[in-house]
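Down below is the structure, laid out as C-alpha cells.
The values are calculated or read from the model by the stated rules, or taken from the named source; none is laboratory data. Since the model is a prediction, treat every value here as computed from it, not as a measurement. For neighbour counting, all protein chains shown are included, and Cβ atoms are generated from backbone atoms with ideal geometry for every residue, glycine included.
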Amino acid sequence: MVEELVMKLDIDSVNSEANARRIAMVESCFGTSGQPLHEPGRVLVGEGVLTKMCRKKPKPRQFFLFNDILVYGNIVLNKKKYNKQHLIPLEEVSLSSLEDDGQFRNGWLIKTPTKSFAVYAATATEKAEWMAHISKCVSDLLRKSGKKAAENHAAVWVPDKETQVCMHCKKTQFTLINRRHHCRNCGRVVCGPCSSKKIMLQHQSSKPLRVCLSCHDELSSTQSTGPLKTSTYRGVWGGTRVCVSVWPMINVCS
Ligand SMILES: [Zn+2]
Ligand SMILES: [Zn+2]
C-alpha cells in the first residue's frame, strides 16, 4: 500500500516536472512579449497550429491549451519563437462547430464575451480532438468553480473580403476612401454613415461602441425597455447561428 502511494507520488512529481518544463518552454518561446504562464495547478494539455480567421484573411497561429486558459500567438519561428500573445480564460469560452465550406474545412468558433473568432484544423480528427479537449477543460473548470457558462458572446466579425458593399444599406461600394467598419454588435461589415452611431454595451465595455444603424435601433429600444436581447446573425459561417453581442477590442490581426 505504502509502496503504491510512493510510486504514485513519484509519477506525479515526474509528470509535474515535465509539465513545468513544458510550460517554461512555452514562456521562453514568447520571451518578453508574453506573460508568465506558470501557476500552481496549471497543466499544459496540448498545443498545435490552427488557422485563425482574421479580419483580412486566415492566418496560422500557434495555440496552447492549458487546463484553465487558451493561449495563442503569431509564429515567428516554428516551435522556437512566438509573439503577440493572447490569453483567454477558459471559463468564458464556448465552442460551436462550423460546417465545411469550400476551402474552409474542419472549423469551429471560439466564443467569449469580449471576442469570438473562427479557427480551422488541418484534419477532421484534429478538429474533433481540439474541440473535445477544450470542452472538457471548460466543463471541468465550471464544475469546480460552480459558475455558469458565459451567456453573452462577442460577435464574430465578418471578414473584410466577404463583401464589397455595405451589408446595411447594400449600396455603398467599399474603396480606399469608403472604408469598411465592423458593427460591434452583429459583426457585419458596414460603411461609415451606416455605423455613425455608438451605443453602450454595458457588460462588454465602459465606452460606447460603434454599431450599425439596425443594431442601434434595436438596442436603443430594448435598452430602454429591458435587458439586452440576443439576436442572431446568419452569415458566412456556413449557416451556423452566431450569437450577436459585442466585440469591444481592436481586431487582433489588423
Ligand atoms: Zn451603408
Ligand atoms: Zn449591427
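Restricting attention to the range 191-220, the residues being more than 12 Å from ligand 1 (Cβ to nearest atom) and of a type in the set (A, V, I, L, M, F, W, C) number 7. Filtered by the rule that a residue be under 19 Å from LYS57 (Cβ atoms) and either modelled with pLDDT under 95 or away from ligand 2 (no atom under 16 Å from the Cβ) (or both), the range 164-174 gives GLN164, PHE174.
Cβ separations smaller than 6 Å between residues 6+ apart or across chains give the following pairs from the range 197-221 residues that are under 21 Å from THR114 (Cβ atoms) to residues that are among the basic types (Lys, Arg) and more than 10 Å from ligand 2 (Cβ to nearest atom): PRO208/LYS198; LEU209/LYS198; ARG210/LYS198; HIS216/LYS197.
Scanning the range 129-169 for residues that are surrounded by 15 or more Cβ atoms within 10 Å (Cβ to Cβ) and in contact with a Pro (Cβ under 8 Å, 6 or more places away or on another chain) yields ALA150, ASN152, HIS153, ALA154. Screening ASN185 on (1) free of Cβ contacts under 8 Å to residues at least 60 places away in the same chain; (2) part of a loop (DSSP other than H, G, I, E, B); (3) under 14 Å from HIS216 (Cα atoms) shows it passes everything except condition (1). Take ALA150 and decide whether it is farther than 22 Å from GLY34 by Cα, touching a residue at least 12 places away in the same chain (Cβ under 8 Å) and part of a loop (DSSP other than H, G, I, E, B). Answer is yes for this residue. Of the strands (runs of 3 or more DSSP E) contained entirely in the range 30-129, those carrying at least 2 residues that are aliphatic (A, V, I, L, M) fall at 44-53, 69-77, 81-89, 107-111, 116-120.
Residues that are among the polar types (S, T, N, Q) and within 16 Å of ligand 1 (Cβ to nearest atom) do not occur anywhere in the range 144-160. Residues that are at pLDDT 95 or above and touching a His at 6+ places or on another chain (Cβ under 7 Å) are absent from the range 116-127.
Collect the residues in the range 174-190 that are within 10 Å of ligand 1 (Cβ to nearest atom) and farther than 25 Å from SER116 by Cβ, keeping them in residue-number order. Of everything in the range 174-190, just one residue is within 10 Å of ligand 1 (Cβ to nearest atom) and farther than 25 Å from SER116 by Cβ, namely ASN178.
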